[in-house]
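Read through the structure below, which is laid out as structure tokens, and then see the notes.
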Amino acid sequence: QVQLVQTGGGLVQAGGSLRLSCAASLRIFSKYDMAWYRQAPGKQRELVAQITSGGTTNYADSVKDRFTISRDNAKKEVYLQMNSLKLEDTAVYYCYARWYVDYWGQGTQVTVSS
């Protein structure tokens, strides 16, 4: 089975908003630290936002105050709300889960246009 399934990517104009979702088929989802990464062509994958099993959040400086990561343990889902999108936010975004074993989502393209 696929452990992490992402939805919500797409094309959006600069200044707009987009919400990414990640549905996790994981036992004891609440134990996993969750995160969103992104990767642009020719660039290394970078951490965008993370939320621990305890609910602590952390953001890359480039997205701080614009993006919000959240989780719903009952639904076993994690979200990334992206506001005030910029051209430089264009990338493939990946959901990530870590406990004793880590899992990656399939990735979803986010393209911000001018």
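The values are calculated or read from the model by the stated rules, or taken from the named source; none is laboratory data. In this text the structure is predicted, and so the values were computed from the model without any measurement. Here the Cβ is made from the backbone with ideal geometry for all residues, glycine too, and neighbour counts use every protein chain on show. Heavy atoms of the whole protein, side chains included, go into the accessibility calculation; ligands, DNA and RNA do not. Shrake-Rupley method; radii C 1.70, N 1.55, O 1.52, S 1.80 Å.
A few comments on the model shown:
- The set of residues from segment 33-56 being under 20 Å from Arg19 (Cβ atoms), among the polar types (S, T, N, Q) and surrounded by fewer than 16 Cβ atoms within 10 Å (Cβ to Cβ) comprises just one member, Gln39.
- Residue list for segment 63-76, restricted to those being of a type outside the set (A, V, I, L, M), open to solvent by 50 Å² or more (accessible area, probe 1.4 Å) and either in contact (Cβ under 8 Å) with a residue 24 or more places away in the chain or outside any strand (DSSP E or B) (or both): Lys64, Asp65, Asn73, Lys75, Lys76
- Residue-level check: of (1) surrounded by 15 or more Cβ atoms within 10 Å (Cβ to Cβ); (2) in contact with a strand residue (DSSP E or B) (Cβ under 7 Å, 6 or more places away or on another chain), Phe29 misses just (2).
- Which listed residue is in contact with a Gly (Cβ under 6 Å, 6 or more places away or on another chain), within 17 Å of Ser113 (Cβ to Cβ) and open to solvent by less than 20 Å² (accessible area, probe 1.4 Å), from Leu4, Leu20, Leu85: Leu85
- All positions within segment 97-114 that are touching a residue at least 40 places away in the same chain (Cβ under 8 Å) and either over 17 Å from Ala40 (Cβ atoms) or not hydroxyl-bearing (Ser, Thr, Tyr) (or both): Ala97, Arg98, Trp99, Tyr103, Trp104, Gly105, Gln106, Gly107, Gln109, Val110, Val112
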